[in-house]
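Have a look at the structure below before the remarks.
Each reported figure results from applying straightforward, stated rules to the coordinates on display, with no laboratory input. Values in this document were obtained by computation on a predicted structure and should not be read as measured data. Neighbour counts run over all protein chains shown; Cβ positions are idealised from the backbone, glycine included.
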Amino acid sequence: MIFHVPEYAWKLLIAVVFISYLFGSIPFGLLLTTLGGQGDLRRIGSGNIGATNVLRTGRKDLAAATLGLDAFKGVLAVLTGWIFCPPEVADRGMAVAAVAAVIGHCYPVWLGFRGGKGVATGLGAMLALSPLAGLVGCMTWLAGAKVTRISSAGALLAFLVMPVATLALNGFSFASSAKPLAACLISLLILARHHGNISRILSGTEPKIGA
């Protein structure tokens, strides 16, 4: 049973959640743009701390670095769950670590719980948690963004597809692994964080890439 956790493992899981949240809450976009002389990223463009808003500063190098580092936060969190948890609870440890990292990015303690939308961190977490589903998500993101010329549209498509891919890899069952549940929770959070983008996409006012 994926929801059964031995008593001795609870403290390990709680520690993994805490560490993963802290990893996820590191605001790399804000740090890089500040160090790069671009000012406070929260006062630029959408005010978001992610790579898409970093790109609005005109610094493609900083945007690429933000994208990579934000994704790495998700990978590092999942690896933490795998390393710190014993084999019998590693699946659950990796799953809660993935979710905690995305929550950390979206609600970082350092910024008064006002963070990003979790796309890069979510993709990194999914690549580490379920590599094949993560790759499907990355390809969907790139294809969706290329076709629509809207970054958020590609991201939304990716996080609609990845839970389905993760479930398919687990026989469309939540019983044997915590990974599908984690994928669903991450996707729900990211979709919720994009409520404004969804409204603008539907109304045709969402900015296109390069605008």
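The figures follow:
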item: Segment 117-211 shape via C-alpha gyration tensor axes, a/c threshold 1.5; result: prolate
item: Computed [θ] at 222 nm, deg cm²/dmol, the chain (DSSP H ≥ 4; -39,500 (n - 2.57); rounded to nearest 500); result: -22000 deg cm²/dmol
item: Choice from V17, V147, V96 with maximal GNM fluctuation in the chain (Cα, 10 Å cutoff); result: V147
item: Exposure proxy ranking, count of Cβ atoms within 10 Å, fewest first, for I49, I26, I209; result: I209, I26, I49
item: Values of log10 I(q)/I(0), in the order q = 0.15, 0.28 Å⁻¹, for segment 62-139 under a Debye, Cα-only, solvent-free model; result: -0.49, -1.22
item: Potential extension, I198-F174 segment - 0.36 nm per residue separation minus Cα distance; result: 5.8 nm
item: Count, lysine Cα pairs under 27 Å in the chain, 8 or more residues apart or across chains; result: 14
item: Ascending count of other beta-carbon atoms within 10 Å, so fewest first, for T57, T33, T66, T121; result: T57, T33, T66, T121
item: C-alpha long axis of helix 119-129 to longest principal axis of the chain, angle in °; result: 30 degrees
item: Three-way shape call for segment 9-55 based on the alpha-carbon gyration tensor, with the a/c threshold at 1.5; result: prolate
item: Order of Y8, Y107 - criterion: other Cβ atoms within 10 Å of each residue's Cβ, fewest first; result: Y8, Y107
